[in-house]
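Q: My structure is below; once you've seen it, I'll send some questions.
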Amino acid sequence: MEHQQQVVQRLQRIFEVFLQENFATTNNVYFEKLITHLSEKENLFVLQSPFAVEWVDKCMTALTEDFGKINPKVTSFMLYFCSLLVQNEWVMLMVRERHLMDRVLFLIKTSRHRFSPSIKLGCIRLMSAVSRYSLGMAYIGGKKCWDYLIELCNRDHTLYVVREARQLLYELLYRFSVKAKDENVVLEILNDIIKPLRDNVFKEGHESIMINVDDSEFQRKMSSTLDLLSYLFEQTLESEEKANIAHLCQSYHNLGRNIWKLTEMTQNSAFLHKIMHALASLHFAILVQDEWHEGQIAPEKFSRFGLHFYNSLKFCLIRHQLLNFIKLVELYHVLWKKLGKRAPPEILIENSSVKFENQLITLQLLPVLFILRSQSLSEEELFENYLMKLLEISCEHTMRICYIFRDTIIPSENTALEVVADLAYKAIHGVLSMQNILEREQAILVFQAMIYALKEFISDADCERSSNLPKSCKGWIGKEFMTSIPNVLNAILTGLHTLIKRYHISWKESIETTCVVNTVAVILENPNLTEASTVQALKLVQLSIEHFLSPNMALLVDNLQGSGLVCLGPIIVKRYHDPAWEVRDSTLELTTSIAKISRIKFPAFQQFLYDYKMCPIILQMAKNDQEAYVRASALKCLSKMVMINVIWDNVLINSDLIEHLFHTLFHESEGIVRKEAIQTLAVIYEHRKIPTQYTDTLYSTLAHCVISDLHWEVKVEALRFWELEFKKQFTNQGMIDGTFPTVTFSKEHKKIVTLNEKEIKLRIMKVFHELSQRGCLGVILKCLREDCDLEVLKTAVCMVHNLLEQLKKYNFESIVDDMKESSSIPSSTSSSSSPSNTSNPSTPLSTSLDASVNNIMNNNPFMFTEEGPMSGSDALNATTQSPSHSPTASSLAAKQDEAIDYILESQDINILVAQYEQKLLLINDHGSEPLPPIDSNLYKTYTSVNIKEFMQSIKALDLKKLLKNHNDWLLGSESFISLLDDIIVAIKCADDSLFADCY
C-alpha cells in the first residue's frame, strides 16, 4: 500500500508539470516508458485512482480552450493514457459522464490539421479501446467516427498511422458485420471507403465520364483506396468467421468491374500493380465468402477462381508488364497459403485437376529458367529430367502462360540481358521472401532451378552454344554473366544457402546437391567475382560441407580424391590474402568448419589442412590482421586445429601460439579477440599440455582476466577456465565423473590405494591447497565480493555451488570444522611443524607443491609471510586496498594516477587528437615501442586465501542472497518508481537549464 501511495504521489507531481504552459522536453522515451509501465497489471491501481480521470479532464479542458496551450507530446500521451483508462468498464462510465469522447471528436473536427502523427495515433488507439464495448460500438456508429479513419488511410500519413487506422477500420467492419449483424452500418462504412473509386470511375445515369490517362492526382486518390480495399479483403482470409464484406462490395458496388475499369486509365506499372493486387484480394475474399462452409473448399468450386487468375496473368503479359506478372504470381502464392486448411491439395480448373502451388512456383521460376541458354546444359540428362518434371506438374493453362511469357520477351527489346536478369533477381528474392510458407516440394524445385542457373556463371569456352541465339544475346554467353549480372549470382548463392539451411535438402531429394561444392569452387576462382558474391560463395561452401553434400562426404569415403574438395585448398589459401576483411573472415569461418568436422566426422580433412599449410597463415592472421573480427575468427579456427594431432605435433607445438595468447589477453584492445584468446587457451589446457615454464604466467593471466578485464564475456570465459582447473585437480586425485572410486592407482606411491574416508578428505584438502596456491580461491572470492556484472557473478556463484554440492557426499563441512578447532594451535608451533608457503618469486609453482601437501596434512589454517602469519581475509583485504607491494605494482598505480590527472586537466579535443595520433602511430609503426611485460607473479597476490578463509567468506556472503540483491538492483533500475524519480530529476534539471548559459 505504501508503494502504491508513493507511485501515485510522484505521478500527480509529474502530471501537474505536464500541464504547464512552458513545459518542454526533448526526451520522448519517458512518455513511452510511462505508457509501458502503466499498461502492466501490477500498476492497474494507477488507472483506477480518481486523479487519473480528473487529470485527463483537466488536460482536455485546456486543449478545448486553446489547442496550442499543451505540449503536443503531452497531448499524445494523454490520449494513450485515456485509451488505457477506458479498458476498465467502470472508468468507461466515468469517461462517458464527463463527455471526454465528445471533446476528443471536437478536437478532431476543429484542430485535426495541427495534429502530429503521434496525436493521430493516440486518437486511433483511443477509438480502438472504446470499440471493445457494445456501448462504445453504438457511440462510434452514431457519431460516424470511421470518417476520420478513412481520411487517415487516404492521405499521406506515416506508416504507423495508416496501419493502425486500417486495422481499426477492419475491426469495426467485422464487429458490425459478424457480431452486431448490422448490415446497414457496414454498407455505410463501405460506401464511404469506395466513394473515391465510385466518383471517378462510375456515375449513375451516365454511360461514360471524362478521364485523364495517368493523371497523378487521380492515381494518388485511387492508390490509397485500392490499398485499403486490398487490406480489408486480405484480413477476411485470416478471420475465423466469414465476414460478408467482399460480397456486399460486389453486390452493391460491382467492385470487380469498377476496378477493372481503372486498367484502361493507366500505363503506370506501380499503379497497375495496385489494381491487380486489389482484384486478386477480392477474388480470394469472394471465394471464401461464397464457397467455404466448413473444412476444405470443394475442388470443383475453384474453376471460376482459376480463370480469373490466368486472365490476370495474361493481361499483364499483353501489357508487357513482366515485373507485375512476377509480383502477381507471388501475391497469389502468399494469399493461397493464407487459406490454410481451407485449401484442398488439388483443385479443378475446367475439368483439369492440378496442384495450384505447383503452378505458382513454375510461373515464379520462369525468369530464372529463361537465363539458361547453354547448349551443354540442354544435353544433360539430369536437366532434361528436371524439365520433364516441370512439364508433368504444369497444367495446360500454365503452359500457355509460359509460352506467352517467352513470346513477350524474345521478339522485343526486352531480350537485353539486364532486363531478364532483373526479373530473375526479383523472382528469386520473391521466392526467398516466402521461405516461411513454402512447402518442401516447391522448395526443391526452386533449389534445382538455382543450381542450373548457377552453372551458367561457369566459364567453359569449349562448350558448344546454342546456334539460334540472336545477336543481342551475345552477353548471355559464359563468363560474361559474372560481370554483366553480378546481382543475379549473389541472389542465387544466397537462395541456395537459405534453402539448404532451412529445408536440409540432401542428395535423397535432389541429386543436384552433389555438385554444389564443385560449381561454387569454380566460381570462386573467377577474378571478376565481387566481394559480396565471394562472401556468399564461401558461406555456401561452408554450409555444403557441414551438411555433407559433397559426394565423398555423402558416401563417407575417407579421402578427397576425385572430388571438388581437392580444389578448395588453393582457393582457401588465396582468399586468406583477400583485400576485403569480410572475405578473409568468411574464409576463416569455412576453415573452422572444416577443422571441426575433421576431428571425428570426416578425418580426411586433417591431412587436407596440413598439406596446404593453412595453420601458419592463420596464426599470422591472428597476430597481424588489422581487423579485430578477422583476428577473433583466426583464434577460433586455431582452437579447432589444436585438437588435430597432425597439426599440433608438426606446427602448433613449435610455434609461439601460447605466448601470443598471453600477449593478447594482456594487451589486445578488442574484447571479442580476448574472448577467443581465452577460449583457445582453455582448449590447449584441456586437450594438450602447457609447458611448465608458462605455469606462473598462465595463472597470472587468468587472475588478470577475471579481476581486471573490462569485457564481461572474457571474465566469464576465464572463470570457466578455472572450472577446468577444478576438474583437473580432482581428476589428478582420482575422482571419476564427480565421484571418488573405492580404489585408485596412486602415482605417488606406485600402487593401488583404497580410498577410505580419511584418504578422500586428505585428497580433497590437497586439491584445495593446490587451488589456493594458484590463486584460484582468492580470485573467485574477490570476484564474488566486487564484480558488479550479473553474468560474471552468476558464473562464479554457479562454480562455487557446483563444487560444494559435489563435495557434500564426503561430509566436506566437517573437514572445515576440524580446521576451525585446530586454529587454536599457537602459530609458532604451526610454523615449526611446517615450512613457510612463501616461495621465491622466481621459483616455479610446481617446486613448492610437496611442502604444501605436508602443510595441509598438518591442518595449518594460516598462510605465513616473512612478517608472520596472515589470514586469508586479511590478505584479500590488503589486496583490495593495495594490489601489490612490489615495485611494479606501485609504479603502475603511479602511472594510473598520472593518466587520470592528465585526462582531468586536458580538454576533450586534445584527448581525441592524442588518441588519434596514437592510433596512427600503431598502424604505421606497429611494435616500435615495446609493450609492458606480463607480470608472471600477479597470481601470487591472491594465494593467501586458504580453504578455511574461503569457506568462511562463502558462508558470510550467502550466495543466493548475493544473486538476489544483484537481480533486485537491476530490476530496481527499471522499476516504475525508479522511472518516476528519473523523470522528476529530469524535469528539475530542465527547469534549471532555462537560466543556464549556452555555447
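Yes/no matrix, rows are residues, columns are (1) at pLDDT 90 or above; (2) more than 19 Å from Ser116 (Cβ to Cβ); (3) surrounded by 13 or more Cβ atoms within 10 Å (Cβ to Cβ); (4) not acidic (Asp, Glu):
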site: Glu2; (1), (2), (3), (4): no, yes, no, no
site: Gln9; (1), (2), (3), (4): yes, yes, no, yes
site: Thr26; (1), (2), (3), (4): no, no, no, yes
site: Tyr30; (1), (2), (3), (4): no, no, yes, yes
site: Lys41; (1), (2), (3), (4): no, yes, no, yes
site: Glu54; (1), (2), (3), (4): yes, yes, yes, no
site: Asp57; (1), (2), (3), (4): yes, yes, yes, no
site: Met60; (1), (2), (3), (4): yes, no, yes, yes
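Q: Same structure again: Taking the condition of being hydrophobic (A, V, I, L, M, F, W, C) and more than 36 Å from the chain's Cα centre (by Cα), how many residues in segment 550-559 meet it? Spell out the reasoning first.
A: Restricting attention to segment 550-559, the residues satisfying the condition of being hydrophobic (A, V, I, L, M, F, W, C) are 553-557.
Pick out the ones that are also more than 36 Å from the chain's Cα centre (by Cα) and you get 557.
Of the residues in that region, 1 qualify.
Q: Pairs please, first residue from segment 111-133 and touching a residue at least 12 places away in the same chain (Cβ under 8 Å), second anywhere and in a loop (DSSP other than H, G, I, E, B) and among the hydroxyl-bearing types (Ser, Thr, Tyr), Cβ atoms under 9 Å, 6+ apart in sequence or on different chains.
A: Note: pairs meeting the criteria are Pro117/Thr158; Lys120/Thr158; Leu121/Thr158.
Q: Please determine, by comparing only the residues of segment 577-586 that are within 22 Å of the chain's Cα centre (by Cα) and open to solvent by less than 30 Å² (accessible area, probe 1.4 Å), which one is farthest from Thr680 (Cα to Cα).
A: If we take residues in segment 577-586 being within 22 Å of the chain's Cα centre (by Cα) and open to solvent by less than 30 Å² (accessible area, probe 1.4 Å), then Val583 is farthest from Thr680 (Cα to Cα).
Q: Enumerate the helices (runs of 4 or more DSSP H) found wholly within segment 22-74, keeping only those where 2 or more residues are of a type in the set (Gly, Ala, Ser). I'd like the intermediate steps shown before the answer.
A: Numbers: elements: 29-38, 44-47, 50-65.
Once the helices (runs of 4 or more DSSP H) in segment 22-74 are filtered for at least 2 residues that are of a type in the set (Gly, Ala, Ser), what remains is 50-65.
Q: Inspect segment 77-93 for any residue being under 30 Å from Glu217 (Cα atoms), out of contact with any Gly (no Cβ under 7 Å at 6 or more places or on another chain) and open to solvent by 10 Å² or more (accessible area, probe 1.4 Å) and give the result as yes or no. Full working, then the answer.
A: Narrowing segment 77-93 to residues under 30 Å from Glu217 (Cα atoms): none.
Within segment 77-93, none of the residues are under 30 Å from Glu217 (Cα atoms), out of contact with any Gly (no Cβ under 7 Å at 6 or more places or on another chain) and open to solvent by 10 Å² or more (accessible area, probe 1.4 Å).
Q: Okay, next question. If Val985 meets every condition in (1) modelled with pLDDT under 85; (2) surrounded by fewer than 12 Cβ atoms within 10 Å (Cβ to Cβ) apart from one, which number is that one?
A: The number of the failed condition is (1).
Q: Moving on. Identify all residues within segment 359-405 that are at pLDDT below 90 and closer than 23 Å to Cys316 by Cα; write none if there are none.
A: Listed by number, the residues that qualify are Phe370, Ile371.
Q: Where in segment 366-406 are there helices (runs of 4 or more DSSP H), lying wholly inside it, with at least 2 residues that are open to solvent by 30 Å² or more (accessible area, probe 1.4 Å) and of a type in the set (A, V, I, L, M, F, W, C)?
A: Values: elements: 366-370, 375-378, 381-393.
Once the helices (runs of 4 or more DSSP H) in segment 366-406 are filtered for at least 2 residues that are open to solvent by 30 Å² or more (accessible area, probe 1.4 Å) and of a type in the set (A, V, I, L, M, F, W, C), what remains is 381-393.
Q: Among the residues of segment 759-792, write down those that are of a type outside the set (A, V, I, L, M), open to solvent by 40 Å² or more (accessible area, probe 1.4 Å) and either under 17 Å from Ser953 (Cα atoms) or in a helix (DSSP H, G or I) (or both).
A: Narrowing segment 759-792 to residues of a type outside the set (A, V, I, L, M): 759, 761, 763, 766, 768-770, 772-776, 778, 782-783, 785-789, 791.
From what is left, the residues that are open to solvent by 40 Å² or more (accessible area, probe 1.4 Å) are 759, 761, 766, 785-786, 788-789, 791.
Matches in segment 759-792: Glu759, Lys761, Lys766, Arg785, Glu786, Glu791.
Q: In segment 322-379, which residues are in contact (Cβ under 8 Å) with a residue 60 or more places away in the chain, under 25 Å from His429 (Cβ atoms) and small (Gly, Ala, Ser)?
A: Once the filter is applied, which keeps residues that are in contact (Cβ under 8 Å) with a residue 60 or more places away in the chain, under 25 Å from His429 (Cβ atoms) and small (Gly, Ala, Ser), segment 322-379 yields only Ser374.
Q: Can you tell me which residue within segment 923-954, out of those that are among the hydrophobic types (A, V, I, L, M, F, W, C) and over 42 Å from the mean Cα position of the chain (by Cα), is modelled with the highest pLDDT?
A: Residues of segment 923-954 among the hydrophobic types (A, V, I, L, M, F, W, C): 923, 931, 934, 938, 945, 947, 950-951, 954.
Now narrow it down to the ones that are over 42 Å from the mean Cα position of the chain (by Cα): 945, 947.
On the way: Val945: 89, Ile947: 86.
Result: Val945.
Q: When segment 796-814 is examined, which residues are found to be within 16 Å of Asp737 (Cβ to Cβ) and surrounded by 14 or more Cβ atoms within 10 Å (Cβ to Cβ)?
A: Leu803, Gln806, Leu807, Tyr810
Q: Give the number of residues within segment 739-758 that are open to solvent by less than 50 Å² (accessible area, probe 1.4 Å) and under 18 Å from Glu813 (Cβ atoms). Outline the logic, then answer.
A: Step one: list which residues in segment 739-758 are open to solvent by less than 50 Å² (accessible area, probe 1.4 Å), which gives 740-741, 744, 746, 753, 755.
Keeping just the survivors that are under 18 Å from Glu813 (Cβ atoms) gives 740.
Residues in segment 739-758 being open to solvent by less than 50 Å² (accessible area, probe 1.4 Å) and under 18 Å from Glu813 (Cβ atoms): 1 in total.
Q: Moving to a separate point now. Kindly list the number of the only condition in (1) among the basic types (Lys, Arg); (2) on the phi > 0 side of the Ramachandran plot; (3) surrounded by 21 or more Cβ atoms within 10 Å (Cβ to Cβ) that fails for Lys613.
A: Failed condition: (3).
Q: State whether one or more residues within segment 529-540 are farther than 23 Å from Ser484 by Cβ, open to solvent by less than 60 Å² (accessible area, probe 1.4 Å) and touching a residue at least 40 places away in the same chain (Cβ under 8 Å).
A: No: segment 529-540 contains no residue that is farther than 23 Å from Ser484 by Cβ, open to solvent by less than 60 Å² (accessible area, probe 1.4 Å) and touching a residue at least 40 places away in the same chain (Cβ under 8 Å).
Q: Filter segment 123-172 for residues that are open to solvent by less than 50 Å² (accessible area, probe 1.4 Å) and among the aromatic types (Phe, Trp, Tyr); which is farthest from Asp192 (Cα to Cα)?
A: Taking the candidates together, the pick is Tyr133.
Q: Tell me, yes or no, whether segment 715-735 has at least one residue that is at pLDDT 90 or above, in a loop (DSSP other than H, G, I, E, B), under 22 Å from Tyr942 (Cβ atoms) and not charged (D, E, K, R).
A: No: zero hits.
Q: Okay, next question. Would you pick out the residues in segment 555-570 that are open to solvent by 90 Å² or more (accessible area, probe 1.4 Å) and at negative phi?
A: Going residue by residue through segment 555-570, those that are open to solvent by 90 Å² or more (accessible area, probe 1.4 Å) are 555-556, 558, 561.
Result: Leu555, Asp558, Gln561.
The values are calculated or read from the model by the stated rules, or taken from the named source; none is laboratory data. Source: prediction; values computed, not measured. We place every Cβ from the backbone using ideal geometry, glycine too, and count neighbours over all the protein chains shown. Areas reflect the complete protein model, heavy atoms only, side chains present, ligands, DNA and RNA absent. Shrake-Rupley method; radii C 1.70, N 1.55, O 1.52, S 1.80 Å.
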